[in-house]
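To start, the structure under review is shown below, and the notes come after it.
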Amino acid sequence: MGTRNLSAYHEGSIPDAGEMRFGIVVADWNPEVTSALLNGALRTLRKHGTRKENIIVRHVPGSFELTLGAQLLAEYEDPDAVICLGCIIQGETPHFTYICQGVTYGITQLNLDYNIPFIFGVLTTHTIQQALNRAGGKHGNKGDEAAVTAIKMAALQKSMEE
Ligand code: DLZ
């Protein structure tokens, strides 16, 4: 099976995001990758109608800090969903595993603790090239995928309130 293109989705199936408000927390470790993820997420949210003033972007030093950054956005900015963007690349030590575990657990826990979605837009790759391939390269952009997931999950949450 080929690698899925992260930017390929069926346009017609995406809810309108004109009345939605999003937080984006982006890790500055591997910035050439995470800035591309951020651009993808911003472009996709805007394409589906989200107003500029309803997208709040905050930076954190590394992926491990995404959990608290996302929680702070949820607490102070009243978003319909929070998108977490990061890039963790395997090094020579087990550090990779601990950061991956920490942020995966942290974001999962936020999804369970709050009544809004927190989206896992974190690349976990063996090499920088694999990450670049998924940040606007040959396999698309995980930022696009994260934004589409945020819109869909925010719409699901809103539909429950109706
Ligand atoms: C320390 C570290 C390492 C080795 N690798 C990455 C990485 O590939 N991607 C990433 O987002 N962050 C990395 N970090 C930083 C940690 O996430 C965190 O910021 C520090 O451990 C805090 O001191």
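From the list 27, 41, exactly one residue is buried (at least 19 other Cβ atoms within 10 Å of the Cβ) and away from the ligand (no atom under 11 Å from the Cβ). Which is it?
Of the residues listed, the single one that is buried (at least 19 other Cβ atoms within 10 Å of the Cβ) and away from the ligand (no atom under 11 Å from the Cβ) is 41.
Among the polar types (S, T, N, Q) and under 16 Å from residue 143 (Cβ atoms) - does that describe any residue in the range 65-77?
Among the residues of the range 65-77, not one is among the polar types (S, T, N, Q) and under 16 Å from residue 143 (Cβ atoms), which makes the answer no.
Among the residues of the range 65-99 satisfying the criterion of being open to solvent by 20 Å² or more (accessible area, probe 1.4 Å) and under 16 Å from the mean Cα position of the chain (by Cα), which is nearest to residue 28 (Cα to Cα)?
The extreme case among them is 65.
Please go through the range 114-162 and pick out each residue that is under 18 Å from residue 50 (Cα atoms), open to solvent by less than 40 Å² (accessible area, probe 1.4 Å) and free of Cβ contacts under 8 Å to residues at least 60 places away in the same chain.
Residues satisfying the conditions are 116, 117, 118, 119.
For the range 18-41, give me each residue that is more than 16 Å from residue 143 (Cα to Cα) and either without any contact (Cβ under 8 Å) to a residue 60 or more places away in the chain or among the small types (Gly, Ala, Ser) (or both).
Listed by number, the residues that qualify are 18, 19, 21.
Does residue 56 count as modelled with pLDDT of 95 or more and either away from the ligand (no atom under 16 Å from the Cβ) or open to solvent by 20 Å² or more (accessible area, probe 1.4 Å) (or both)?
Against the criterion (modelled with pLDDT of 95 or more and either away from the ligand (no atom under 16 Å from the Cβ) or open to solvent by 20 Å² or more (accessible area, probe 1.4 Å) (or both)), residue 56 qualifies.
The values are calculated or read from the model by the stated rules, or taken from the named source; none is laboratory data. Only a predicted model underlies this, so the values are computations on that prediction, with no experimental measurement involved. Here Cβ is always computed from backbone atoms with ideal geometry, including for glycine, and neighbour counts include all displayed protein chains. Quick note on the areas: whole protein, heavy atoms, side chains included, nothing else; ligands and nucleic acids left out. Shrake-Rupley method; radii C 1.70, N 1.55, O 1.52, S 1.80 Å.
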